[in-house]
Amino acid sequence: MADPSGFLKYTHRELPKRRPVPLRLRDWNEVYEDFDEETLRHQATRCMDCGIPFCHNGCPLGNLIPEWNDLVRRGRFRDAIERLHATNNFPDFTGRLCPAPCEPACVLGINQDPVTIKQIELEIIDRAFDEGWVEPVRPHCETGKTVAVVGSGPAGLAAAQQLTRAGHKVTVFERDDRIGGLLRYGIPEFKMEKRILDRRLEQMRAEGTEFRAGVNVGVDLTVEQLRADFDAVVLAGGATAARDLPIPGRDLDGIHQAMEYLPWGNRVQEGDDVLGPDGEPPITAKGKKVIIIGGGDTGADCLGTAHRQGAANIHQFEIMPRPPETRAESTPWPMYPLMYRVSSAHEEGGERVFSVNTEEFVGADGRVTALKAHEVTMRDGKFVKVEDSDFELEADLVLLAMGFVGPEQPGLLTDLGVKLTDRGNVARNDDFETSVPGVFVAGDMGRGQSLIVWAIAEGRAAAAGVDRHLMGASALPAPIKPTAAPIH
Ligand SMILES: Cc1cc2nc3c(=O)[nH]c(=O)nc-3n(C[C@H](O)[C@H](O)[C@H](O)COP(=O)(O)OP(=O)(O)OC[C@H]3O[C@@H](n4cnc5c(N)ncnc54)[C@H](O)[C@@H]3O)c2cc1C
Ligand code: SF4
């Protein structure tokens, strides 16, 4: 039982400090300093163990938040990691990367700052790894069934871990040269050091999951072979088709999608031999005037990467207006609030420009030199140009970070013949099974561009569907149902 007056004793929400900007820009390590145990336990004491814990509802995984808050308050970290792992395969990823929809849903947040749920989660799992409590969980028996997981992002990894532990022989295929999906080559090192991913993969290998990187399913391995070799398939290929900006000048050199740019930074951190004679990767912001189009998290990852590469200056454009400083009235508690956020990358510099639309890229000798843009305002739900607001801004590197339109269809999906939703995602039933029997889908490939926490929840739920398909029944938990979407 929680301390009923804990939130009165510790009225302030405290979080670890970010390392000083000049210091952290000199390396690629994670930006947060350590958090001492006493402060953490005080923060956990603020949890009221509400009769109706709305935070549960906020977390797609249904994490048992008040339970592990209370265990941390008592210093029972080993019990806490058991409760945390009961619902979340990878709190090491979510504790670092989740936007934490649980926190704005926290009841304490109605009239005080909410409990620091995400930080408590992170400290539990990091302590567990440090203490050697995270061990391989080997299956009790083998079923003799085989499962292929296509894609090694958080959805594929969660599905693979659940199915391996249920006794199936699981092989994860990944077309990239390393395992991890966006955790590996999208998310920069300063948000999550790759050693965090590697130590988790080590656990999964020891449990019996097999990984095969460098295999593009549908090209290197035909879908016929895949179906012949495996009793079930989980598609977890992500939503990798990026939204483009087809305006005049788009074909100039120096304009790249975020996911053409970010992997190079990550490869340098992996120690890959990708540096040219100038000591820089093929796409770099070093010494350049950079404009990032897209004000979201991917844009912020480009921003932090460009800072570390030594850009001359950086602007980040967003077509939406600047959000309010505090929770917008349109998103009352316990909804995830629309409000102005300052990520670590924003704190490091660059200029954020809101309500702006880019209409043309300008270039010389085939290379981008500037872009033309204007301010916009919202009228009847549409963006309208503000008269006489045109401007031109110099740029020699433009990064497009405007989101993803869905999964890539040629090859894997067309060859399998799975049905798609109106939005172009892979359609699935309540068991996460596609229109092709025995083929399941999880994560961004079925859901559309989303979050790591949703990918893990979907991976877990799809694993339960696969297990039921193979065995007739399943004891695996299924935290969510897919959102209904029309099939065509
Ligand atoms: C730059 C960036 C930063 C982000 N930051 C955050 C964040 O901080 N927090 C957060 O919650 N979310 C973040 N997201 C979103 C999050 O990363 C995704 O929602 C999540 O990774 C989706 O997981 P997934 O497993 O469905 O797919 P992915 O992580 O996209 O993995 C899919 C994998 O499948 C592989 N694949 C595809 N087709 C094939 C094939 N035919 N054969 C073999 N392999 C194949 C791909 O190469 C890829 O590695 C970010 C996204 C981006 C782009
Ligand atoms: S996974 Fe995300 S939403 Fe769930 S408890 Fe952790 S931070 Fe909150």
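The values are calculated or read from the model by the stated rules, or taken from the named source; none is laboratory data. All values derive from a computational prediction rather than experimental measurement. Quick reminder, even Gly has a Cβ in these numbers, built from the backbone with ideal geometry, and neighbours come from all protein chains shown. For accessibility, only protein heavy atoms count, side chains too; no ligands or nucleic acids. Shrake-Rupley method; radii C 1.70, N 1.55, O 1.52, S 1.80 Å.
Annotations for the structure displayed:
- For the range 1-134, size of Cβ-based charge dipole, Lys and Arg +1, Asp and Glu -1, in debye: 300
- Listed by chain and number, the lysines whose alpha-carbon sits under 21 Å from that of K145, ignoring those within fewer than 8 places in the same chain, are K169.
- Which of Y340, Y32, Y185 is most accessible, then next, and so on - probe 1.4 Å: Y32, Y340, Y185
- Where only DSSP H runs of four or more residues are counted, the chain gives -9000 deg cm²/dmol as its mean residue ellipticity at 222 nm, each run worth -39500 (n - 2.57).
- E123 - accessible surface, heavy atoms, 1.4 Å probe, Å² rounded to 10: 40
- Between A148, P99, N89, the Cα set farthest toward the positive side of the dipole of the range 61-191 (charges on each charged residue's Cβ, about the Cα centre) is that of A148.
- Distance from the range 355-370 to the range 149-206 (C-alpha centre basis), Å: 38
- Assigned charges on the beta-carbon of Lys, Arg, Asp, Glu; the range 28-73 dipole about Cα centre (debye): 300
- When the residues D431, D220, D130, D365 are ordered by accessible surface, computed with a 1.4 Å probe over the protein chains alone, the sequence from largest down reads D365, D130, D220, D431.
- Unpaired by the 4.7 Å Cβ criterion, cysteines found in the chain: C47, C50, C98, C106, C141, C302
- Helices assigned as whole DSSP H runs in the chain whose Cα atoms extend at least 27 Å along their own long axis and whose mean Kyte-Doolittle hydropathy is 0.0 or higher are found at 452-471.
- Largest-first ordering by accessible area, 1.4 Å probe, given options W28, W68, W454: W454, W28, W68
- Relative contact order (%) - the chain, alpha-carbon pairs under 8 angstrom, separation at least six: 16
- Take the Cβ atoms of N313 and F354, set R0 to 22 Å, and the FRET efficiency comes out at 0.80.
- Whole-number accessible area per residue in Å² for the chain, which is evaluated in the context of all protein chains at 1.4 Å: 44
- Computed with a 1.4 Å probe over protein heavy atoms only, the accessible area of S330 comes to about 80 Å².
- Taking every C-alpha pair closer than 8 Å and separated by at least 6 residues, the mean separation divided by the residue count of the range 49-105 gives a relative contact order of 45 percent.
- For the range 246-402, the fraction of 1.4 Å probe accessible surface lying on carbon and sulfur atoms is 51 percent.
- Ranking P321, Q119, A475 by Cα position along the charge dipole of the chain, where only Lys, Arg, Asp and Glu carry charges on their C-beta atoms, puts A475 farthest toward the positive end.
- Computed over all pairs of different Cα atoms, the Kirkwood value for the hydrodynamic radius of the chain is 23.9 Å.
- Only Lys, Arg, Asp and Glu carry charge here, each on its Cβ (+1 for the first two, -1 for the last two); on that basis the chain has a dipole of about 980 debye about its Cα centre.
- Exposure of M471 as accessible area (Å², to 10), given a probe of 1.4 Å and all protein chains: 90
- With contacts taken as Cα pairs under 8 Å and at least 6 residues apart, the range 241-370 reaches a relative contact order of 28 percent.
- Proximal aspartates and glutamates relative to K9, as straight alpha-carbon distance under 20 Å, when same-chain residues fewer than 8 apart are discounted: D36, E37, E38, D49, E67, D70, E103, D113
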